[in-house]
Every structure is written in C-alpha cells, then in structure tokens.
Amino acid sequence: MKLKFEEAIAVPQSEKVSIADSIDYHAIDVEPQYAGARIEGDVVTLDFVKKMMDDFKNQKCLHKRYAYQIVLQTREMLRALPSLVDINVPNGKHFTVCGDVHGQFYDLLNIFELNGLPSEDSPYLFNGDFVDRGSFSVEVILTLFAFKCMSPSAIYLSRGNHESKSMNKIYGFEGEVRSKLSDTFVELFTEVFCCLPLAHVINEKVLVVHGGLFSVDGVKLSDIREIDRFCEPPEEGLMCELLWSDPQPQLGRGPSKRGVGLSFGADVTKRFLQDNSLDLVVRSHEVKNDGYEIEHDGKLITVFSAPNYCDQMGNKGAFIQFEAPELKPNIVTFSAVVRNFINPCFRYSIRS
C-alpha cells in the first residue's frame, strides 16, 4: 500500500524503503483553481512541457502532483539504463552536447531558442551539473526531466559532481527544493540523482563525461559499464574520477586543484582514446571564458553552458553540435540573456 502525500511520507530507515516507492502521485488532488500546466493521464506531452516552461518563465509554480509524476517517471527510465550509455546518431542527423547549466533556467530557454527544443530529430545530451549555484535549479531539473519523460531518445542526462547530496546541501539546491517544493522532494531528488548514468559514447567515437579521466592507465569502456553507480559518489575510484577530474597542460598526472579526483595530461587522454578506439573526449565541469576550450592536441573539449556564471563571471556559454557520420564538433557560443530581475547566486545556499 502506497503512502499519500507529504504528511504520510516518513518511513523508518530500518525498513529500507525507497522514498520513491512510498509516493503515489495519483492520490494527490489538484485544486480546481490551479491554472498551471497539467498532465492528462500518465503521458507527458510536448504541449504540457511548453506550457510548463512558459509558466516557469513567468515565475509560476508547477503543481506538486505533476512534479512528482515527472520525477518518478524519470527515475524509472534512468534506473533501467547502464552506467555507460551508447548513443547512435544516424548518418545525416545531428546531436547536441551541453555542459553545466547550474540552475540558469533562462539561459536554458535561450539554448532551446538557438538550437531548437529536444526531439527525436534534434536530440541533446546535458552533461551534468544541472543544479546548484543558480536560483532556478528546480525549474531546470523539472524541464530536463519532463523532456526525458516526453521522449527518452530526445534527451540524455549525465551525472555531474553536483548531482549529489553533499553538494546540494552546500550550494543551494536542497534549500531551493525545500522552499519551492518540500522536504520529501529533497530525498526524492537524492535518490534519482543516484540513477543518472555516468558517461555516454556517441557512435563509438566520442566519450562524454562530466569530469575527466583516470588515475590509472588501461581503463576500458567495459570497466565504466560495470560501475555500480546507485550510490552517493565515493571519494576515490573510477566513479569519483569520472565526476571530478580535470585536464592539465602538463603531461602525466597531478593532484587535483579541487582536492578530489586528479589532473591528467594529453598523454593520458591519448592513451585512453587509443585503448578504447575512440576519437575524442568531451567533458564539462569547468567554467571557460569562451564557453569552451579545446585541449590535449584537439582530443579533449570542455564545454560549459552557463553564461555569466553566478551572474558575475562574464563568460560566454557554449554547446557542441555533432553531425553523423563524421561527428566533427561544431561549437556554438552564446551570451547570457538579459533579465529584468535579479537572479541572486546562492539564494538558497547555506554558505557562499
């Protein structure tokens, strides 16, 4: 028997019941006066997503009943995926990779204005760090999840280092969720983030990961596939390094400037690509002045999609378009949208 709505959600830890499994969104009533976006039945449609985004643009809220439905349906899809997802882009079709968005909802809308909405003919991969830092992380994550529900092959989602409980507590998402939704949603997002895949491979040529490569040579794609990702990120090992590592200009490996993961040079990238018959690594994780940076003899590209990061960095954003079969990266840069209100960074953070 499923529990009903917020007050009945508490489940003893000893029972080890998933918070997701304890929620029955069908039992939540929608008040007659609610004028926002509605999902009819169990199918998320494009019309619903467009209405929801328009409501968010006007700083209106989505009813919790539909927010639960989106998050729970996304969880079921993500749980069924492997830790490394293979993406096939047919010849003549294109595919877009975006980097960190970090709760900048209005810049996400601008990406869709520039490049089109996610669809089967225009699919996207968002490469982690959807939340934290910016003030509209709830709107960002619900929009991305809604597109995933609408059409699973229209949008792919990778875990970033900010899709974790500890980062969300410090950098704003947890407080924003409590303010806009509820404590139950905090637990639910924590569970769902643990279901996100860790990496994607496009047409057996391009590896896309949030952070970077590894502290040891010889790692194969099969090793990534075998990672048990359904947990909070550990402080060492392959999963940690996928989420946290950064490239460095020097050869070899070095300590991470972040204190987690490592720094790796062009020789490490070259060996990894050769060992796995790949052409390119695309990663995110670092703000770049131009929205992107090409390193390691052209074999590694960083893409960052949050322009004017935290309303103060002045950087551009970027996304990468790939067209099959060549998959030559076409990098598109864009500036932050002009807003007529203040979007304070860390509005919901407990520290800056």
Check: Say we look at the range 88-134 and pick out the residues that are among the small types (Gly, Ala, Ser) and surrounded by fewer than 22 Cβ atoms within 10 Å (Cβ to Cβ); which of these is nearest to Ala336 (Cα to Cα)?
Finding: Gly116
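Go through the range 112-136 and give me each residue that's part of a loop (DSSP other than H, G, I, E, B) and at negative phi.
Result: Leu117, Pro118, Glu120, Asp121, Pro123, Asn127, Phe130, Val131, Gly134, Ser135, Phe136.
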Margin query: Considering only residues that are touching a residue at least 24 places away in the same chain (Cβ under 8 Å) and either crowded, with 23+ Cβ neighbours inside 10 Å or small (Gly, Ala, Ser) (or both), which ones fall in the range 283-301?
Written below: Arg283, Ser284, His285, Gly291, Tyr292, Leu300, Ile301
Next item on the list: Looking only at the range 212-223, decide whether some residue is closer than 25 Å to Glu187 by Cα and in contact (Cβ under 8 Å) with a residue 60 or more places away in the chain.
Entry: no
Notebook entry, point to check: Could you list, in sequence order, the residues of the range 46-73 that are closer than 14 Å to Thr143 by Cβ, open to solvent by less than 70 Å² (accessible area, probe 1.4 Å) and not in a helix (DSSP H, G or I)?
Noted result: Leu62
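Matching residues to (1) open to solvent by less than 10 Å² (accessible area, probe 1.4 Å); (2) at pLDDT below 95; (3) within 20 Å of the chain's Cα centre (by Cα):
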position	(1), (2), (3)
Thr190	no, no, yes
Ala199	yes, no, yes
Asp217	no, no, no
Ile224	yes, no, yes
Glu236	no, no, no
Glu241	no, no, yes
Trp244	no, no, yes
Ser256	no, no, no
Phe264	yes, no, no
Margin query: So Cys195 ticks every box in (1) of a type outside the set (Gly, Ala, Ser); (2) under 25 Å from Lys64 (Cβ atoms); (3) crowded, with 24+ Cβ neighbours inside 10 Å but one. Which box is left unticked?
Written below: (3)
Notebook entry, point to check: If only one of Ser215, Ser151, Ser179 is in contact with a strand residue (DSSP E or B) (Cβ under 7 Å, 6 or more places away or on another chain) and farther than 25 Å from Leu327 by Cβ, which one is it?
Noted result: Ser215
Check: Taking Asp47, is it of a type in the set (Asp, Glu) and touching a Lys or Arg at 6+ places or on another chain (Cβ under 9 Å)?
Finding: no
Next item on the list: Quick one: which residue in Pro247, Pro233 is under 23 Å from Phe322 (Cα atoms) and of a type outside the set (Gly, Ala, Ser)?
Entry: Pro247
Check: If you check Lys328, Lys270, which single one turns out to be touching a Lys or Arg at 6+ places or on another chain (Cβ under 9 Å) and among the basic types (Lys, Arg)?
Finding: Lys270
Check: Out of the residues in the range 137-161 that are open to solvent by 10 Å² or more (accessible area, probe 1.4 Å) and part of a loop (DSSP other than H, G, I, E, B), which is farthest from Val43 (Cα to Cα)?
Finding: Ser153
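The values are calculated or read from the model by the stated rules, or taken from the named source; none is laboratory data. Bear in mind that the values here come from a model prediction, so they are computed numbers and not experimental data. Every residue, glycine among them, receives a Cβ derived from its backbone with ideal geometry; neighbour counts consider all protein chains shown. Note: accessible area is taken over every heavy atom of the protein model, side chains too, but ligands, DNA and RNA are not part of it. Shrake-Rupley method; radii C 1.70, N 1.55, O 1.52, S 1.80 Å.
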